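Any read-out appearing in this document is the output of simple, stated calculations on the displayed coordinates, not a laboratory observation. Just so you know, these numbers come straight off a predicted model, no measurement behind them. All Cβ positions, glycine included, derive from the backbone under ideal geometry; neighbour counts span all protein chains shown.
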Amino acid sequence: MKKEELLELGLSEELANKVVEKYGHLVTKTRLDEVIAERDSYKTQLTDRDKQLKELEKEVGDNAELKEKVEKLQAENKTAAEKYEKNLYELQVNNAVELAITGAKGKNNKAIKALLNLEKAEIKDGKIIGLDEQLKKLQETEAYLFEVTKENNVPAGFTPAVGNNSSQGGVSGNKTYSEIMSMLAANPGLDISKL
């Protein structure tokens, strides 16, 4: 309240001065109502902001969940790609080994593979580096696993004589009992041990 208002109410000037001095800093009712309305407006805005933040948290939570799902799918895709690359590499190594063993005339591919060192196999131009050397060494040490090409042991310049299958009766080949009996009847002195 102002000093004039207090004087109009019938207070002395001295008492009005004391009241203004002691209570002059007080806010008027209208100003108090304005401040209260402003405060209530801020409370409402704060409540609205809290609601918006909670909704945003839900959305961010969903986004975090979505982000987690995306990261999980990316990890699964990476694992699947690595598995595919590994399987493709193993298939290439297996095919190169099978081809090399077949080329070396291996009898048992599985047994030969077990003896090969393929841990750090490197493929270059469809062949495994160092595989031919390993196979040659195995052909020497484990020859029973490979087909051996037999060379004709006929000395050069010599032709073996052609055998004569003719028997004494002029008939060649194995004889039946009836043929032998008829030959003995025709030639009584025939030696049948040579038939």
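Summary of values
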read-out	value
From phi via Karplus (6.51, -1.76, 1.60), per-residue ³J(HN,Hα) for the range 66-77 in Hz, x at Gly/Pro	5, 4, 5, 5, 4, 5, 5, 5, 4, 5, 5, 5
Cβ charges +1 (Lys, Arg) and -1 (Asp, Glu), total dipole of the range 3-145, debye	1380 debye
Distant-in-sequence amide H partners of PHE146 (H built 1.01 Å from N, under 5 Å)	LYS107
Environment charge at THR44 (Cβ cut-off 13 Å; Lys +1, Arg +1, Asp -1, Glu -1)	0
Using θ = phi - 60° and Karplus 6.51 cos²θ - 1.76 cosθ + 1.60, couplings along the range 132-143 (whole Hz; Gly, Pro as x)	4, 5, 4, 5, 4, 5, 5, 4, 7, 8, 10, 4
Of LYS83/LYS136; LYS86/LYS124; LYS83/LYS120; LYS78/LYS110, pairs whose Cα-Cα distance is over 23 Å	LYS83/LYS136; LYS78/LYS110
Backbone HN-Hα couplings from phi across the range 182-194 [Karplus 6.51/-1.76/1.60, Hz, Gly and Pro as x]	5, 5, 5, 5, 6, 10, x, x, 6, 8, 7, 6, 9
Cα convex hull of the range 3-145 - mean projected area over all directions, nm²	18.8 nm²
Reachable aspartates and glutamates from LYS107, criterion Cα separation under 15 angstrom, eight or more residues apart if same chain	GLU98, GLU140, GLU142, GLU147
